[in-house]
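Reviewing the structure listed below.
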Amino acid sequence: MAQEAIRRALQAVLAEMGAPVENIVLERPRDPTHGDLATNVAMTQARTLGRAPRAIAEEIARRLDLQAAGVTGVEVAGPGFLNFRLSHGSVASALPGILEADPSYGRSGTGAGESVIVEWVSANPTGPLHPGHGRQAALGDAISTLLEWTGWKVHREYYYNDSGKQMENLAWSVWARYQQELGEAAEIPEGGYQGEYVREIARAYRDEAGDAFRADDSPAALDRMRAFAVRLLRAEQDRDLGDFRVRFDHYFLESSLYETGAVERTVERLRETGLVYEQDGATWLKTTEFGDDKDRVMLRSDGTATYFLPDVAYHMDKWDRGFHHAINVQGSDHHGTVARVRAGVQSLGVPAGYPEYVLHQMVRVEREGRELKFSKRAGSYLTLRELFEEVGVDVTRYFFLMRKPEGHLVFDLDVALDHSEKNPVYKIQYAHARMHAIFRKAGVEPLAIRPQDAPLARLSHELERDLVQRLADFPQLVEKSAELRAPHLVCDYLEQLAGAVNSWYHAGNPSRNPEMAVLVDDPGLRQARLVLSRSIQIVLRNGLNLLGITAPERMERDPDLEDEPSDAGS
RNA sequence: GCGCCUGUAGCUCAGCUGGAUAGAGCAACGGACUUCUAAUCCGUAGGUCGGUGGUUCGAGUCCACCCAGGCGCGCCA
């Protein structure tokens, strides 16, 4: 491609001038008057060459011979930029590769087939999932897919915190509601769960067990209720995530770490390091040795493990399973665990910085500018299901992904429910559906569109050149988003692309501007524009699918809105 | 008090690891328009990038200190 040819030519010239550069930055300037590609090498090499940037740039421009790369002009501009202008044909030469790669356009092999385990959601099975979990679900899934697209072998894992004190609270909450169902006086204890769903579980339990456990608060009775509640809640969480189109390769139960003896083994291994000591009746690990700000209790004075211990055991298990790259997606309210988990595994010989964390901030759902936090089922919070059933899975996923993880997320229900192009999801999906509308109108199957005999150099309009270059940027964008674990960059890219697509599409409104329409009479131009349309459709689809969002071939019109031109309310 | 994150247009946010005149989308204002079926399009305006100082050819981006907000600092998870 032109870009590579220019880069090689620049490298050759710079080497001759005595300033060999390995990584030449060659990018598309924001301002189209600055050409199609620009480089700042003259400025970065000013110091080593001991000359003024502009003088260096002038010399490079004189020495370069770029006819072969389809460069029609080189200019020196600003403080010492070199701006390149490409021929129409050179720009458009990116298109055939897009059609050829089709579903895999945007994939690359930088991960080199290495394994990585991505862990996310990892909720307590103590209630329905809330929007914060949803953000995490969408993020973990999108990051996993991005890694797959860049050549990683990804293992998706969900860690159920199904032991510990929260489970006790759950058991007592169900117990209390069960007693109430039987007409007994009982109250949910301090720290217990008040949501309506606890009553549902209690009722289901009564239906199954009858009144066999009336007034029975024996450990055995509570144990049965806990197990029953966890089974129902896990099933519900799995169903919610499944309907949210998030799947895992493996569900890892915290309780299994006790059953298999992994926790005990971890205690032994930690003791062997000599970093374990007793104090105040508890057993501590000297995590400060590895950068934690205080040492941590691993065994309480009653001999039971704190949550820290299974966390270490779990991450050692990941490492021992051969996952030497691990990414944990968690809410930023858990960032306090980062240093201690790393210190724990590091004390057992795992390299520093394992695992990697993507921490995200909370979600605030708003309607008409006010926070929405009431839920019938969960009581104190809105559930994820309530959210995606109201606005749809596509919109919900996109909204969760469109902000960088470490920033706060305001989920604006008014925008989410808007079906016009004000809603970025619909804007992108419309653009995609429009390309299909063109194919239908033209009577061609998308797969039958071939670039070979199309005169692509005729895609000479500014809007078309811009579109092609955006499409050509897609693989690099995917790579960058994967490296930075930043799906929001894909959202941003798609929205910008959709905007450019829609401008181009509307510019070709046959009633106004028939010569700009895709389906012009001129068969060559028509063929070239169909190739462009097909390329657009591929990139939009691949980008949406990457985020777990559908790319419809036609948009369904909501019958309720048919006769309501402005605001149908709800 | 200490640690992490955030602060960019009226609002919600991007900003390609230091580059050219800081960008989108809503909202506002001014014009067009009903299609290549599909809930519009084009244009305009809008900024001391939280503040101060520093690093250098060049800082929204890097460093230091301050201000504001969020989260965390348990023998809770």
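Results, tabulated for the structure shown:
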quantity	calculated
Sequence-separation-based contact order of segment A:2-86, relative, with Cα cut under 8 Å and 6+ spacing, percent	32
Hydrodynamic radius by Kirkwood, which averages 1/r over all alpha carbon pairs of segment A:424-546, in angstrom	14.8
For segment A:184-193, Karplus couplings with θ = phi - 60° (6.51, -1.76, 1.60), whole Hz, Gly/Pro x	8, 7, 7, 10, 5, x, 3, x, x, 9
Kirkwood Rh and Cα Rg combined as Rg over Rh, evaluated for segment A:2-86	0.92
Integer Hz, Karplus 6.51/-1.76/1.60 couplings in order for segment A:498-511, x for Gly and Pro	4, x, 5, 4, 5, 4, 5, 4, 6, 4, x, 4, x, 6
Cα gyration tensor shape of segment A:201-290, rounded if a/c is under 1.5, else prolate or oblate by comparing a/b with b/c	oblate
Euclidean distance of C-alpha centroids, segment A:371-428 and segment A:247-315, integer Å	38
Distance between modelled label sites at A:D414 and A:D217, nm, 7 Å Cα→Cβ extension	4.9
Likely footprinting exposure, A:S256, A:S511, A:S535, fewest C-beta neighbours within 10 Å first	A:S511, A:S256, A:S535
Rel. contact order, % - alpha carbon contacts under 8 angstrom, at least six apart, chain A	16
Rounded to whole Hz, the Karplus (6.51, -1.76, 1.60) HN-Hα couplings of segment A:212-222, x for glycine and proline	4, 10, 4, 6, 9, 10, 6, x, 5, 5, 5
For segment A:436-484, alpha-carbon Rg and Dmax in angstrom	14.6, 42
Likely footprinting exposure, A:H419, A:H130, A:H155, fewest C-beta neighbours within 10 Å first	A:H419, A:H155, A:H130
Cβ-based charge dipole, chain A, positive-most Cα from A:A69, A:Y430, A:Q179	A:A69
Residue-averaged [θ]222 nm for chain A, counting only DSSP H segments that reach four residues, each worth -39500 (n - 2.57)	-15000 deg cm²/dmol
Amide proton proximity set for A:Y160, modelled H, under 5 Å, gap of 5+	A:F252, A:L253, A:E254
Ranked by how many other beta carbons lie within 10 Å on average, peptides A:83-93, A:460-470 from highest	A:83-93, A:460-470
Net length gained if the chain between A:S460 and A:V444 were fully extended (0.36 nm per residue, minus Cα distance)	3.4 nm
Residues in segment A:51-83 reached by a label modelled at A:Q11 [backbone nitrogen below 17 Å; 7 Å Cα→Cβ]	A:64-66, A:69
Relative exposure of A:E200, A:E157, judged by other C-beta atoms within 10 Å (fewest first)	A:E200, A:E157
Three semi-axes of the equivalent ellipsoid, chain A, Cα gyration tensor, whole Å, largest first	53, 34, 18
Extension gain from A:R30 to A:N513, taking 0.36 nm per residue of separation minus the Cα-Cα distance	171.2 nm
Amide H contacts under 5 Å for A:V363, placed H, 5+ residues apart	A:G132
Backbone N under 14 Å from the A:A235 label point (7 Å along Cα→Cβ), restricted to segment A:198-213	A:200-209
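Just so you know, all these numbers are worked out from the coordinates, no wet-lab data involved. As the structure is a prediction and not an experimental result, all values here were calculated from the model. Cβ atoms come from the backbone with ideal geometry, glycine included; neighbour counts cover every protein chain shown.
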